[in-house]
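Read the structure below first, then the notes.
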Number of protein chains: 2
Amino acid sequence: MDNAGRVRAPRRKLGIRTIHDVAALAGVSSITVSRYFNAPEKVSPVVRDRLRQIILETGYVPSQMAGRLASAESRVVGAVMQNTGSSTFADLVKGMGDGFEGSGLQLLLANTEYLQDREERAVRAFMGWHPSALILTRDDHTPESEALLRAARCPIVETWGVVPGRPFHQVGFPHADVGKELARHFLAQGARRIRFALRQAPQDFRAQQRAQGYAQAMVAAGLTPDVQASSCDDELDAGAQMLERLSREPPDQRPQAVIFASDNMAVGAILAAPGRGIRFPQDFAIAGFGDAPIAARLHPALTTVRPRPYDIGLKAAQVVLSLKAGRDPEAPPATHLVPCELIVRESSRLA
Amino acid sequence: MDNAGRVRAPRRKLGIRTIHDVAALAGVSSITVSRYFNAPEKVSPVVRDRLRQIILETGYVPSQMAGRLASAESRVVGAVMQNTGSSTFADLVKGMGDGFEGSGLQLLLANTEYLQDREERAVRAFMGWHPSALILTRDDHTPESEALLRAARCPIVETWGVVPGRPFHQVGFPHADVGKELARHFLAQGARRIRFALRQAPQDFRAQQRAQGYAQAMVAAGLTPDVQASSCDDELDAGAQMLERLSREPPDQRPQAVIFASDNMAVGAILAAPGRGIRFPQDFAIAGFGDAPIAARLHPALTTVRPRPYDIGLKAAQVVLSLKAGRDPEAPPATHLVPCELIVRESSRLA
DNA sequence: TTGTAGGCGTTATCAG
DNA sequence: CTGATAACGCCTACAA
């Protein structure tokens, strides 16, 4: 009976209204309030109305921390982007956001600037939330990341690019195919001197995958790949630089067509062309990648390949939701293709 | 002693290694493991080494849910964006992400597509996480949102735009000032017929704030504001549409200068100009807003105002961190200006 | 339909 | 520097 006379200081609380407060006000037990939120159909209409009223008045909001801890289901999804600022990843995030809207899943975001070790830190940080799923945007990880991911108890989805042989779900398209398709577009028009122009940016491994696809198509056609890299960091500058280099090559040895690693590079070239006395596609044809909004409005309109980052993000979210809903969240990894589309415009028309 | 012979089914657990497992392996109590993570200096070097080893081997990661619940400090920051897909918000997110990198704060993201009720849902959802802070990107909320925010126990930061009289922290710049500055730029050159061109997009209230600033400057100069709206949804199309409309007005009644609500609109106009026989700035001068990467490379190079969304996001994160670190997290709301810069280029040079 | 008992994995408090 | 104890706010299991 004797509490030893010593009174322990109350520990710090959130200082908020709890489920018990609401229960007391309604004259029911707290589990009934819990059910009101998680299984309203199990609460009688009368009690339900009373609770609705009280919850409205008190502004009670259930604690996610407590709820997720007790239910052993976090309902958070970690998303690791490479460059949140770029339109590709921004659209991916938007698609994921829309996909999760109303599902009760919360999106945790991390950005890595294409750095593997930042990705590893992000993955590690996310693991602590015991996420319902993890969405990544690359397929080459540090060994530690890879180990963490394989040991994870949640679905892992790799998005944007798709490569064979991965142990995780994938949503996107094979970047190498883009390079192949563009090369073939020019090969089919009879071109034999076709160049691939990118930036010296080792972190942009997707551009390199596209370059590899281009090279394969060239070799398959019995031709020598011609991949050139610009030292400029800025894509528009890189395009302008590549154009300047081209303008100095003898016209009869110049490539008949140039595939730029991105629309931005191609745009840089198009905007710099008048100053160099170059005309597209008369002097040589060009194409890009990304289908930037201005691609269609430029003169000449830019031939490009249109990826669908928004749809990829949306699909990734849907894959997560269906794995969560399905009876088998540990379903074997599947690959979901969200193909690109070749958009042929004036800039790639060879004489 | 008799357990009544009935065995309760074990409740669902996360099925993970816990702090107790690690403690048992190390032969210490679990609180020591907790200290290893939260206050390593309070753990003896010997024990620390042993724990490091064991944590490495087991791959143990502390549960954020449990930790945050127990410590009554969520260490999550909710960010509500209007349009994640646009470069402005993408840069804001990037800045915030970099600002929180390494701080231990997790970013929760929501997107609203400029819809107030989606914002309200997002705020409500975030409240359940008892966030360490909430970052918003507008200052006009539904009454319910506003009430939720005022009742929130965490710092609220409104970003991007800045308006007087709000009860929350603000980081950004007054959009009306941008409109004023551009109007004055043309007024100073002697222009009297100056138009502001925007889209009929009521959700884009920032563009309307810029238009209002423009209108004020016009009135202050004794002139009549001329605000015209395009019905096009797409900004580039809207710019082209406005240009077409302008090209049909009699040259002597045409505006001498047009302020477009965004660079994209201005770009649409510039790209469509050759087709309409219009030349900038000879026929009339133009300016935009946003400093899109191509603005400087177009012909003519586009005069624009450069906002710094990345810096605003970064600053917002820093404000949150300093409030968290400071002894007074309930400091009175402050306004942090991250001013824009007027970038004068060829397109705005009046004869 | 409602309630009781107990635990989810961690950290705050107080005592060595 | 280390540990025992008792929460944090909610939900699962079971019983009525």
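Quick look at the values:
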| quantity | calculated |
| --- | --- |
| Residues A:Ala70 and B:Ser231, FRET efficiency given R0 of 51 Å [Cβ-Cβ distance, rounded to 0.05] | 0.45 |
| Copy-to-copy label separations for B:Gly277, where each label sits 7 Å from Cα toward Cβ, in nm and ascending | 3.1 |
| Hits among aspartates and glutamates - C-alpha to C-alpha of B:Lys94 under 13 Å, sequence gap 8 or more where chains match | A:Glu113, B:Asp311 |
| Karplus (6.51, -1.76, 1.60) ³J(HN,Hα), θ = phi - 60°, over the range B:231-239, in Hz, Gly and Pro reported as x | 8, 6, 7, 6, 5, 4, 4, 4, x |
| Extension reserve of the B:Ala331-B:Ala151 stretch, reckoned as 0.36 nm per residue once the Cα distance is removed | 63.3 nm |
| Principal axis dimensions, chain B - Cα atoms, whole angstrom, descending | 101, 40, 39 |
| Nearest-first distances (nm) between copies at A:Val163, label 7 Å from Cα via Cβ | 4.9 |
| Mean ellipticity per residue at 222 nm, deg cm²/dmol - from DSSP H runs of n ≥ 4 across chain B, formula -39500 (n - 2.57) | -13000 deg cm²/dmol |
| A:Ser86 accessible area, 1.4 Å probe, all protein chains in place, Å² to nearest 10 | 30 Å² |
| Axis-nearest residue of B (beta carbon) for the B-onto-A rotation, whole Å | B:Ala90, 2 |
| Nonlocal amide H pairs with B:Ala285, under 5 Å, H built at 1.01 Å | B:Ala257, B:Val258 |
| Over the range B:140-294, equivalent-ellipsoid semi-axes from the Cα gyration tensor in Å | 33, 17, 13 |
| Pair B:Val47, A:His299: separation of 7 Å Cα→Cβ label points (nm) | 7.7 nm |
| Over the protein assembly as shown: Rg over Rh, Cα atoms, Kirkwood Rh | 1.02 |
| Other protein chain Cβ atoms within 10 Å, averaged over every residue that makes up A:58-68 | 6 |
| Average partner coverage of A:92-104, which counts Cβ from other chains inside 10 Å | 4 |
| Cα→Cβ-extended label distance, 7 Å offset, between A:Arg17 and A:Thr142, nm | 4.6 nm |
| Alpha carbon centroid spacing (whole Å) that separates the range A:72-94 from the range B:329-351 | 29 Å |
| Vicinal HN-Hα couplings computed from phi for the range B:181-193 (Karplus, 6.51 cos²θ - 1.76 cosθ + 1.60; Hz; Gly/Pro x) | 4, 5, 4, 5, 4, 7, 4, 5, 8, x, 5, 10, 9 |
| Cross-link partners of A:Lys324 among aspartates and glutamates (Cα-Cα below 18 Å; sequence separation of 8 or more within a chain) | A:Glu73, A:Asp98, A:Glu101, A:Glu158 |
| Pseudo-label separations to other copies for A:Ala147 - Cα-to-Cβ vector, 7 Å, nm | 5.3 |
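The values are calculated or read from the model by the stated rules, or taken from the named source; none is laboratory data. These numbers come from a predicted model, not from an experiment. Heads up, the Cβs are rebuilt from the backbone with ideal geometry, glycines too, and the neighbour counts pull from every protein chain shown. Accessible surface is based on the protein model in full, side chains and every heavy atom, while ligands, DNA and RNA are left aside. Shrake-Rupley method; radii C 1.70, N 1.55, O 1.52, S 1.80 Å.
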